[in-house]
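Some notes on the structure that comes next.
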Amino acid sequence: GEQLLCEASTVLKYVQEDSCQRGIYGKLVCTDFKIAFLGDDESALDNDETQFKNKVIGENDITLHCVDQIYGVFDEKKKTLFGQLKKYPEKLIIHCKDLRVFHFCLRYTKEEEVKRIVSGIIHHTQAPKLLKRLFLFSYAAAAAQNHTATDPRNHTVMFDTLKDWCWELERTKGSVKYKAVSVNEGYKVCERLPAYFVVPTPLPEEDVSRFQGHGIPLWCWSCHNGCALLKMSPLPKKEQDDGISQVQKSFLDGIYKTIHRPPYEIVKTEDLSSSFLSLQDIQTAYFKFKQLFLIDNSTEFWDTDIKWFSLLESSSWLDIIRRCLKKAIEITECLEAQNVNVLLLEENASDLCCLLSSLVQVMMDPHCRTRIGFQSLVQKEWIMGGHSFLDRCNHLRQSDKEEVPVFLLFLDCVWQLVHQHPPAFDFTETYLTVLSDSLYIPIFSTFFFNSPHQKDNVGRESQDAQSKPLNLLAVWDWSVQFEPKAQMLLKNPLYVEKPKLDKGQRKGMRFKGPQGQGGRFPSWFSLFPASWTRTALSSTTAWPEHQRQLSLPLTQSKSSPKRGFFREETDHLIKNLLGKRISKLINSSDELQDNFREFYDSWHSKPTDYHGLLLPHIEGPEIKVWAQRYLRWIPEAQILGGGRAATMNKLLEMMEEVERLQEKIDARPHSREAFPTEAPSLVRSSARLSSLFPFALLQRHPSKPVLPTSGWKALGDEEDLAKREDEFVDLGDV
C-alpha cells in the first residue's frame, strides 16, 4: 500500500566521525509511509547482523510519524524549517522521536529535486492530517488483498470481549465483589469507555449510563487480600454549573455508599488532578530531557558532557520518574499493608490513572511481569482504558495539540524496575525499547487511536461498502517486525520462572531469587560463583569510566565544579565506593513519607521474592537514564566490546558449556529439550558488541568506523579485541 511521493538523487548522507564529515551517496525518497535513504553502495551484512534488524523499518528509514523537527543549514547557519520556503537549504537535518539524527547534504543534488524533496518532507511530516488518511488503513487494505496472515492476539488478552474481562476477574479472584457489564456495548452509553468493563457488583447498570460513565468507579485489579484498585472520572464541572448539583450529589452519595459498605469497607481516594503531576509538567520535562540526546556532532556531545549534571537535573525528567514510582509505592502500601481499596480520580481517568494503575500491577502482580501479561496489561489499562494515543503522540500534527509522552514515561518507570530487578521480568530492556519505537510505526493500530470506539468507527468508515471489515494489525505480533532469532533478544534468558512446589513444600514458603535457588533457573546455575550471577543480573558495565554517568549524584552543591564524567574517572570510583553507605542519609522524610517508610524499608531489608511484591529503589542515584533507548545512536557513548551485552553474552556461553558437561555426567540426552544445543549467545564474538547492543553493532569495515578513531586506536583492531575478550569481559572482576 506504500506510494512514492517524491525523490532526489545524488544526496550525500553524512556519517559522523570525530570532527570529519564523510558519507555515502544515494537517493532520498519520501513515501506516504516513510522517508528513506537508499545508498548507492550499501555493503551486504552477514547473517548475524541482518537477523537483528527490524523488517519494517530499516536503519536509514524514518516513518513520517517519527519525525520530530526538520532543520536546514543556510551558509553554515541552522534554522528550523516549516511551511513554504523561499530559499532551500544546502543541508537537511532531521531529528527523530526515537532520537536518531540524520544529516543529508543537498549541494550536489539538482535544484528542482531539492525543492521537491524538501517541500515534500516538510508537508508530509508537519501538515495536519485526517485520521482516515493514516497509512495503517492503506496497509490493512493491501494486506487483506494479499491475504497476509498474522496473529494479532499472539496469546495477548485484548479485553475486547466480555469473556476477557470475566477471565481477568477470575484470575485475580475479584469476581465475588465485582462484575463485568455490557451496558456500553455498541458504545451506547459513552464513546470514551470500552464496550465492556467491570464495576462493583451492587451497582445498578442503569447508574452507569446516568452521566455517561462519569462518577462510576471502574475496576482495575484485585489484590490477593481482596482489596481492589479502582479509577473514576469525576462528574463534568459544566454540569455542576447548570443547577443540577443536588442530583449529582445524591447520585455520588449512592455511589460512595455502595463502595464503602461491606464487603468493600474502607476506600482511600487519590485525586490525581489536583495533587500529582500535570500533563504540562511531563511535556516540559521531556522536551528538555530529549535535547540532551539529539546530538548533531561529536563536538556538541563533548560540550554537553561538561555540564551534563546541571542539564540532566534541570530537565526534571528523572525526578518525575521518581515521583511516579513513589506514588505507585504509596498506593501499593495501601493495598498490601493497610488492606484498603484505592480509588484514583482524574478527569477522563485516561492519563495518570493509566500510568499509576499499570505501575501498581507491575509491582504487585508477577503475571504482569511476563511478556504476555505485560502486553495484556497495556491492552487493559491503556488501550481499553481510553488513553488518547492519537492526541498525546500528536500523530495528526494538529496545531492545537503538543506531544505529551505519558506512555513513554510509563515505559521508563518499568525500565527502572527491570534495571533494578532483572530476574523478575520475562522480557528485556530491548523489548521495552522496541515497544517505545512502535509508537511511531503506522502499520499497527495499537497506538494510533484515542479510544476503542474511535478505532471501530473509523475502521468501518474506511472499508468499502462490499468489502469485509479491515483487520487492523496489533503491535503484539512481533514476527511482523523481527525474525525469530531477533525475537530472542526480547526474552530474558535469566528470568526466574515460578517454581513448581514439591508435595512436601509449604505453599507459603518465601521464594528467593537466583541466589536462593528457588526458581526455574537451571539446576546447574548454582555452580557459578555468586559474584558472577550478581554481575550478570546487575547493570554494571565493563568499563564505568568510559560511560556517561546515568544518574544524578548524591549531592550537588551550587559551588561544585562542572566536570564531564568521561573526563573525571576518580569521582565516579569514589561515588561507587561510597554510594551505598551514604545514599540512605541523603533522602529523609522529604523523599518518603513516614506513613509508608517502614513498609518501604522493611521490604528492601528482606530477600527479594521475584514472584511476589516488587518495589523499586527510589533514592537519589537509583533512578537512572534509560541508556539503551536514549544513548543508542550516539557513538561516543558506547563501550566497545563491553557493557551488559558482553557480560550477558559471556554468561550465556558459560551456561551452555556447563549444561553440556552436566548432560555428559547425567547421560540424559532428553535434557536438551529444555536447553537446545545451539548456543544462545547473542553473537559469536563479544568483541563485536557495543554496550548498546542490539542497536549498535560495530561495522566491519575500518574505513567507516562507528566509534571515534581515537577510541579504535586505544583499544586495537577487532582481531586483537577478540583475542583479549576473556581479559576485559572477566565477570568476576567487573
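For segment 162-489, give the percent of accessible area contributed by carbon and sulfur heavy atoms, probe 1.4 Å, rounded to a whole number.
C and S atoms contribute 49 percent here.
Please report the base-10 log of the normalised intensity I(q)/I(0) for segment 297-352, using a Debye sum with one equal scatterer per alpha carbon and no solvent, at each q in 0.15, 0.21, 0.22, 0.27 (1/Å).
-0.65, -0.87, -0.91, -1.06
Along each of the three principal axes of the Cα atoms of segment 162-489, give the extent in whole Å, ordering the values from largest to smallest.
Largest first, segment 162-489 extends 65, 56, 44 Å along its Cα principal axes.
Please compute the length gained on full extension between I306 and W167, using 0.36 nm multiplied by the number of residues separating them and subtracting their Cα-Cα distance.
In short, 44.6 nm is gained.
Take the alpha carbon atoms of segment 83-104, find their center, do the same for segment 336-381, and report the distance between the two centers in whole angstrom.
39 Å
Could you compute how fast segment 4-127 diffuses translationally, taking Rh as the Kirkwood radius over C-alpha pairs and applying Stokes-Einstein at 10 °C with viscosity 1.306 mPa s? Give it in µm² per second.
After rounding, the answer is 106 µm²/s.
What FRET efficiency would be calculated for the residue pair N297, K77, taking the C-beta separation as r and a Förster radius of 22 Å, to the nearest 0.05?
Computed FRET efficiency for N297 and K77: 0.90.
Using 1/(1 + (r/R0)^6) with R0 = 45 angstrom and r between the beta carbons of H224 and L4, what's the FRET efficiency to the nearest 0.05?
0.20
Please compute the modelled spin-label separation between V176 and N595, points set 7 Å along Cα→Cβ, answer in nm with one decimal.
It is 2.7 nm.
Heavy atoms only, 1.4 Å probe, whole protein assembly: order E403, E170 by accessible area, highest first.
Most to least solvent-accessible, the answer reads E170, E403.
So if R0 is 41 Å, what FRET efficiency would Q145 and K87 give, r being the distance between their Cβ atoms, rounded to the nearest 0.05?
Using R0 = 41 Å, I get an efficiency of 0.40.
Using 0.36 nm per residue, how much length does the chain from V340 to D41 gain when fully extended, once their Cα-Cα distance is taken away?
101.2 nm
Describe numerically, in nm with one decimal, the distance between label points set 7 Å from Cα along Cα→Cβ at S209 and at S314.
The modelled label-to-label distance comes out at 5.6 nm.
Starting from the Kirkwood Rh over alpha-carbon pairs, what translational D in µm² s⁻¹ does segment 82-193 have by Stokes-Einstein at 37 °C and 0.692 mPa s?
Translational D for this selection: 165 µm²/s.
For segment 350-407, what is the convex hull volume of its Cα atoms per residue in Å³?
Per-residue hull volume (Cα only) is 73 Å³.
Per residue, how many Å² of accessible area does segment 4-127 show with a 1.4 Å probe?
48 Å²
What does the highest-first list of 333-342, 73-82 look like by mean Cβ count within 10 Å?
333-342, 73-82
The values are calculated or read from the model by the stated rules, or taken from the named source; none is laboratory data. The shown structure was predicted, so the numbers you read here are calculated from the model rather than taken from an experiment. Heads up, the Cβs are rebuilt from the backbone with ideal geometry, glycines too, and the neighbour counts pull from every protein chain shown. What goes into the accessible areas is simple: the full protein's heavy atoms, side chains included, and nothing from ligands, DNA or RNA. Shrake-Rupley method; radii C 1.70, N 1.55, O 1.52, S 1.80 Å.
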